[in-house]
Amino acid sequence: MQLTTIALLILIPLLIWRIYSRLKNIFVRQESLMWKHWLGAVLFPLLLLASAGSVLGDVLALSCLGGGALAGGWLAVFALKKTRFEQIGPRFFFKPYDRFGILVCLLFAARVLHIGVELYLNRQSDFPLPITREMVLRHPLSCGAFGLLAGYLATYSIGMLRWRRAQPPLPEME
């Protein structure tokens, strides 16, 4: 076993721990800003459509993308039910349910790490294979992980928009 492979095996758990600790700091109480919710509600469905268009000829990749998006949306609905909402004066705050969000983000990060390890091992082999789009972007695991993340974030953003619109308007100050 080469020294770089041993270093990689040591660094991967440290990298996963670092990603987890960064995600833990993201899923804290935060102010609800409409532009962020609109950005997520528009951007992630567009990214899903663009991804679906790029894998249109591959039925397995397209079904994994769609299945991941449906699973992500389903998880977001449950996360929205467990999200804590509050209003302080004219400002709105929310504390997202962190377990599902961190799980979805870590699954996507794990797929990215898996691609990196595959590329590294391919480079270290005696007969490296040419790297194609099908190996990375059209792989069913990549499509499923991206669909899960994009479906979760799109549904969560749409749910936040629905919550904000359901709030009664503040009384006018004279």
At 0.36 nm per residue, minus the direct Cα-Cα distance, what do L60 and R99 gain on full extension? Give it in nm, one decimal, please. 11.2 nm
Given the convex hull over the Cα atoms of region 20-92, what projected area results after averaging over all orientations, in nm²? 6.4
Under a GNM of the chain (C-alpha, springs under 10 Å), which listed residue has the highest mean-square fluctuation: F44, F93, F108? F93
Can you compute the FRET efficiency between A110 and R164 using 1/(1 + (r/R0)^6), with r the Cβ-Cβ distance and R0 = 41 Å? Round to the nearest 0.05. 0.80
Descending packing, highest mean Cβ count within 10 Å first, for 123-131, 60-68, 48-56 is 60-68, 48-56, 123-131
Please compute the Cα-Cα pair-distance distribution of region 70-154 with 5 Å bins starting at 0, giving whole percents from short to long. 3, 13, 18, 16, 13, 11, 9, 7, 5, 3, 2, 1, 0, 0
For H139, which sequence-distant residues (separation of 5 or more, or a different chain) have an amide H within less than 5 Å of its own amide H, given hydrogens modelled in the peptide plane? none
Cut-off 10 angstrom, C-alpha nodes, Gaussian network model of the chain. Which of R164, R18, R133 fluctuates the most? R133
Sort by residue number and report every cysteine in the chain with no other cysteine beta carbon within a distance under 4.7 Å. C105
Amide H of F92 versus every other amide H placed in the peptide plane: which residues, excluding those fewer than 5 positions away on the same chain, fall under 5 Å? S32
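Here, each number is a calculation from the coordinates, and none is a lab measurement. What you see is a predicted model; the values in this text were computed from it and never measured. All Cβ positions, glycine included, derive from the backbone under ideal geometry; neighbour counts span all protein chains shown.
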